[in-house]
Amino acid sequence: MTADLIPATRAEALLALHDFIERPVLRYARLRNHIAERHTHVSRLSAAIAHRLVTEAEVLCAVLRVHKSRTVEKFVQEVLWRSYWKGWLELHPGVWRDFADAASAVGPLTERLHEGKSGCAAMDACARELVSTGYLHNHARMWSASFWIHRAGRPWKVGARFFFDHLLDADAASNTLSWRWVAGLQTPGKTYLVRRSNLESYWPDAPSEGLEQLEGEPSLNIPQDSADRSFRGLESLPEAPGDSAAGLLLHEEDLSLECGPLSQFQPVAACFWKTPARSSIREAWLHRADDDARARAENHFQKNVTEIQALDSLKDWVETHDLRRIVMAAPSVGPVRDSLEPFFQWCGECGIIVTRLRRRWDARVFPLAKAGFFPFWNSVRPQVPELIL
């Protein structure tokens, strides 16, 4: 698969969604675990959803407008998995801090993942695809993580950092918690083990060299959990921007602000907070996605959107426009929020109000992510029709 198969604009994402609804979604439950050329069995919308070129509510509304829920339930669940992970991490932010603090020190070690020297050609092929396209099929992600942790015996945080740096759809929650689950930390007592029989069943064209490494029972490499799993409760945030004058701050986690609670907002000024890309393929994709979001925002809000990459420049933007209030989509637990924390602190010291909006979808589903996915699913499923209106 090539990187251009991953939609990088809202128009591309909506077209890909339309094409997926036409037929592939009906085969999704049966074929989603199979590795196929160009990954035609899945939607390839994960990056667009992660950065909200399209929202979860939009995707499910489009699907359920055409198909009955029972025929596409597995796909609906898959969309909700991302919301579940994000909600769980919002309620347990110490788990992100544990990973982020350690990951900053292991970056150089991640290069081993794509040196192509594991001795298992299939795993090396997965790593090369990830580096060259920014995408990897979910089943291949599980195999790769399991191989790295339980077959090669390497630290899970190193592998998770490698994925986080290269995946176009990586968010702090899905990536960190999925790797923890494979490692046996997220659900104590449960691990995921890659096996040759499973890989060959779902990837019949996999390179065969070194597959014997996936036979037999490995010595499980379950690390001690150093994370603070304390439950914090969901911070109460507004869903509407209010009426007073304010500047608009955009960022990469929500690239369709003209749709939703900010659609009628009239900002005094607007800027786009840009965080450093973690790989060249991610940088190229985000460049297209961010430019598309800025163009749509400029057209909708009738304001120039200034791109800002440094804290001092962000402060200058506030002072230049004499802003006393700033409105933005609430960043989730993760690197964007981390990068803006010094700015939030400065605003507080200066008496500048930062109004962080939480989309209705997040406000309703995040508090339900208290336990495992299926209790979450059973709580959310009856609410889906209302949430997608």
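List of remarks:
- Odd one out for ASP322 among (1) part of a helix (DSSP H, G or I); (2) surrounded by fewer than 17 Cβ atoms within 10 Å (Cβ to Cβ): (1)
- Screening TRP81 on (1) free of Cβ contacts under 8 Å to residues at least 60 places away in the same chain; (2) in a helix (DSSP H, G or I); (3) surrounded by fewer than 22 Cβ atoms within 10 Å (Cβ to Cβ) shows it passes everything except condition (1).
- Filter result for SER69 (under 20 Å from ALA173 (Cβ atoms), out of contact with any His (no Cβ under 8 Å at 6 or more places or on another chain) and either without any contact (Cβ under 8 Å) to a residue 12 or more places away in the chain or among the hydroxyl-bearing types (Ser, Thr, Tyr) (or both)): no
- Restricting ASP124, ASP169 to those that are at pLDDT 95 or above, charged (D, E, K, R), out of contact with any strand residue (DSSP E or B) (no Cβ under 8 Å at 6 or more places or on another chain) and in the same structural domain as TYR202 (by TED's automatic domain parsing) reduces the list to ASP169.
- Listed by position, the helices (runs of 4 or more DSSP H) contained in region 1-65 that have at least 3 residues being over 17 Å from ARG82 (Cα atoms) and without any contact (Cβ under 8 Å) to a residue 60 or more places away in the chain are 10-22, 24-31.
- Region 339-389, residues that are in a loop (DSSP other than H, G, I, E, B), within 19 Å of LEU64 (Cα to Cα) and among the β-branched types (Val, Ile, Thr): ILE388
- In this structure, VAL354 does not satisfy being touching an Asp or Glu at 6+ places or on another chain (Cβ under 6 Å), of a type outside the set (S, T, N, Q) and surrounded by 13 or more Cβ atoms within 10 Å (Cβ to Cβ).
The values are calculated or read from the model by the stated rules, or taken from the named source; none is laboratory data. Please read all numbers here as calculations on a predicted model, not as lab measurements. With ideal geometry, Cβ positions are generated from the backbone for all residues, glycine too; neighbour counts draw on all protein chains shown.
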